[in-house]
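The values are calculated or read from the model by the stated rules, or taken from the named source; none is laboratory data. For clarity, every value in this text was computed on a predicted model and none was experimentally measured. No Cβ is skipped: glycine too gets one built from the backbone with ideal geometry, and neighbour counts run over all protein chains shown.
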Amino acid sequence: MDDVKRKLRILLCAPRGFCAGVVRAIDAVERALVIYGAPVYVRHEIVHNKYVVDSLKRKGAIFVEELDEIPDTGAPVIFSAHGVPKSVPQAAQGRNFLTIDATCPLVTKVHREAEIHRKRGRLVLLIGHAGHPEVVGTMGQLPEGSVRLVESLEDVAALETPPDAPLAFVTQTTLSVDDTREIVAALQRRFPAIVGPHKEDICYATTNRQEAVKQVAPQVDAMLVVGSPNSSNSQRLREVAESAGCPVARLILRADDIPWGEIETIASLGLTAGASAPEILIDEIIAAFAARYDVEVETVTTADESVFFPLPRELRESSAV
């Protein structure tokens, strides 16, 4: 007699996967390839997902880390969704590159906030992770020394600021909502006059995906987050699942990375994806579980998303050639 498959209940988090800024960035590369043909150069991974990047490479996109890797060319040069320091477009202009800025509009909002604070004479504190491209881009909007990076509660306690200096804070858009709340509270306790954003900097998609994980994580034996190790928002989802009490929370790129040995006895599984992970990878993972288990999939929805960002001006139909 054939072995009877064990039952597995999969709780699928919603929202999950692509956010409006990621859709816009990927569409920008694909639209540029249609309009201008290959190659199209992209500074840094357009979004932090290997599947997406490899797919665009096959279509003719060439990814570089710095502009000096690009030959003199008339091909478009696209800046990634994470944003870039001001020095990058200036250098591109110096080489007469045709540039297209695919920075997420919510990251651009943080850049503008930081600039306004500086114009008003405030020292800017940036809550974020050192070395992340978004943080590098935000710090690079202002002159050296105008921004101080705050990564932890310990950093808040150790901050040394000029006496009576007016202060403001902005945040990386992909942080843990709960961790950031703690750091903001510590800043406000230590510097009661500090000025914050008019509207929270952590993006709607980051917040929504974390809320869905918080709801699902306590109900399941394991949680898999689909995303790349260098994706900040994906790493935060895994941490949120752990904090919410899920016994096993793992970040995986795709079905090949499922840690079968750790989860072979589970009866329930939570599944979500970071904002730069495509839905096809979720489908692939569900299919892998369906091959081993009698799977029942249930979607847990905590928010509806309808945000849309138009393509960069250079790529819209009316200006395309």
Of Leu167, Leu253, the only residue that is assigned by TED's automatic domain parsing to the domain that holds Gly128, at pLDDT 95 or above and in contact with a Phe, Trp or Tyr (Cβ under 8 Å, 6 or more places away or on another chain) is Leu167
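Of the residues Val22, Val47, which is at pLDDT below 95 and either assigned to a strand (DSSP E or B) or under 24 Å from Tyr204 (Cβ atoms) (or both)?
Exactly one residue qualifies, and that residue is Val47.
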Taking the range 151-176 on its own, how many of its residues are in contact (Cβ under 8 Å) with a residue 40 or more places away in the chain, of a type outside the set (Gly, Ala, Ser) and more than 23 Å from Gln210 (Cα to Cα)? 2
For the range 104-127, indicate whether the set of residues that are in contact with a Cys (Cβ under 6 Å, 6 or more places away or on another chain) and surrounded by 19 or more Cβ atoms within 10 Å (Cβ to Cβ) is non-empty. yes
Answer from Pro15, Pro85, Pro105, Pro89 - the residue that is within 23 Å of the chain's Cα centre (by Cα) and without any contact (Cβ under 8 Å) to a residue 24 or more places away in the chain: Pro89
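Here's a check for you: in the range 46-55, which residue that is within 11 Å of Val29 (Cβ to Cβ) and without any contact (Cβ under 8 Å) to a residue 60 or more places away in the chain is surrounded by the fewest Cβ atoms within 10 Å (Cβ to Cβ)?
Ser55
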Here are some residues: Arg190, Arg236, Arg209, Arg148. Which one is touching a residue at least 12 places away in the same chain (Cβ under 8 Å), in contact with a Lys or Arg (Cβ under 7 Å, 6 or more places away or on another chain) and of a type in the set (Lys, Arg)? Arg209
Within the range 270-285, is there a residue that is at pLDDT below 95 and either assigned to a helix (DSSP H, G or I) or exposed (fewer than 15 other Cβ atoms within 10 Å of the Cβ) (or both)? no
When you scan the range 50-129 for strands (runs of 3 or more DSSP E) that lie fully inside it, which ones turn up with 2 or more residues that are closer than 30 Å to Val184 by Cβ? 123-127
